[in-house]
Each structure stands twice: as structure tokens, then as C-alpha cells.
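Notes follow the structure.
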Amino acid sequence: MQIDTSKPHPARVYDWLLGGKDNYPVDQRIGETLPEQSRRSAARNREFMHRAAAWLAARGIDQFLDIGTGIPTEPNLHQIVQAIRPESRVVYVDNDPIVLRHAEALLVSTPEGATDYIHADVRQPEAILAHAGQRLDFERPVALSLIALMHFLPDTENPHALTRTLLSALPSGSYLVLSHGTADQHPDLRQQVEDAYKKGTIPLRMRTRSEVEPFFAGLDLADPGLVFATEWYQEEPAPVQERSGFYVGVARVP
């Protein structure tokens, strides 16, 4: 599948922010115009994913549907959860051809478990669920992971409804793990961030706390609730507290 290196892609910009090398000058130019705090926020967001995935695996969740996977950056989600539950099954989903090219790194499972990769867009929830259902058992709890993804969908594409469609296929005891971009702690940087993505023709819709809350409608938020990325932890030592560009939450399907 051909990779268009003339247009930036959110997965490759995020890779650049995390210090990766699977990006192109067009992605780097956006990253370089973002505030310096963006790199720290991306790293803290990734650390939240690690903590949340490990916590869920320790609680017995052994099936994960990760949409908006991004370019593989170790440790990947399956490495986190299979270290705790080797039998875990993980299905990754992304729409960037460069992620597809690197999918082999996402498919190195433990012998007891399994991984799969779907080249698809979150705007195609039914297609994702149909494919994922070949690898995951939707009669048992599944953790749906939407990390740093839904802020790339404008309100006109109704990201809240897309999330509900995905969750509607999951049984009681499943979980939503979500992080979402915000400027609530960086109001002074909002315009700079929005302008950087706008120049790259990447839609960006950072949302306030009240706008992120509907993603968790009807779910039971686990402590500490909907918080900034550096504030979410369980048994681990508390992360260093600093301003964050992400709201995060983990919630159970009743």
C-alpha cells in the first residue's frame, strides 16, 4: 500500500513527538511548530496507556481492541498485558499505511496468546467489529482502547456516537480506556497547537472536560475518574505531577 509522504498523518506526528524515526519531513514540520510541552504530554499519555493496560490485565482482562494504534513503540500494548497474562489476545487497528508496514512488530505474540492487525478507520466501527470478532470473543469482557484518537474527529463526525457503537458490541464487564487532547491546562498554547495541525490539514478538536465526559456516558468510571494523564494511577507510585494535554479515564461497561 502506497504511503503518501506529501501529507502529514497524526500517527507519524505522534511518532515524532515520542522520539520515533518512522516519520517524514512533512510530519516533522508540524511537530517542530508545536509547543515543547507537546512532547512531554505525548510521553505522559503513553505512560498512562501502560498503567491502564497493566491494571486491567491484573484484574483479569485478557482481550484488548486497540483502535488508533499508531506506529509501534515498545513496549506495545500486547507486550504490557501478555507479560501479566500470557494468554491475552490483542487486536490492533489503524488507518495509516506506515503502521500496516510495521504491523509485524505488533504480531509477535506469546505462544499462549494472539495478536492481529486490521487496516481500518474508526469511522468504520461495524467493519472493525466484524473483523475483530474473528479473533476476540465478544461473549467475554474486552477492553476497548482509544488512545489519543478521538480529538482528530470533528463534532460533525460524532465521535461520541462512534464510541457508543463500538461499546454496544461489548458485554458487561468490558472496559473503555480513553485519552483525549485538551487545552484546559494550557489555554495559552491552544491556538499554537490548533494552527500547527491546521497547516498540515489535520483536523483537531481539542475538548474541554465537559465535552470529554459524554464518551463515558452510561459507564462506571474507575477511580480516580476522569482526570489528567499524570493523575491516573492505581497501585503504582504516583507519577510526577505536571500540566497535561490529555484527559484520561478507564470505565467499566455495567
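Structure data summary
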{"item": "Per residue accessible area of the chain, 1.4 Å probe, in Å²", "result": "44 Å²"}
{"item": "Built amide H within the under 5 Å cut-off of L144, gap 5+", "result": "L65, Y175, L176, V177"}
{"item": "Span from the region 49-90 Cα centroid across to the region 98-167 one, whole angstrom", "result": "13 Å"}
{"item": "Neighbourhood net charge (11 Å Cβ-Cβ; Lys/Arg +1, Asp/Glu -1) for Y233", "result": "-4"}
{"item": "Among (1) 44, 41, 36; (2) 63, 51, 32; (3) 62, 41, 35, the entry that matches Cα extents along the principal axes in Å as calculated here", "result": "(1)"}
{"item": "Point-charge dipole on Cβ atoms (K/R +1, D/E -1) for the chain, about Cα centre, debye to 20", "result": "280 debye"}
{"item": "Signed unit charges on C-beta, dipole axis of the chain, positive-most listed residue F228, L107, P254", "result": "F228"}
{"item": "Under Karplus coefficients 6.51, -1.76 and 1.60, residue-wise ³J(HN,Hα) of region 174-184 in Hz, glycine/proline x", "result": "6, 9, 10, 10, 9, 10, 9, x, 8, 10, 4"}
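The values are calculated or read from the model by the stated rules, or taken from the named source; none is laboratory data. A quick note: this is a predicted structure, and the numbers were derived from the prediction, not measured. Backbone-built Cβ (ideal geometry, glycine too); neighbour counts: all protein chains shown. Ligands, DNA and RNA are stripped out before the accessible areas are found, and what is left, the full protein with its side chains, is counted by its heavy atoms. Shrake-Rupley method; radii C 1.70, N 1.55, O 1.52, S 1.80 Å.
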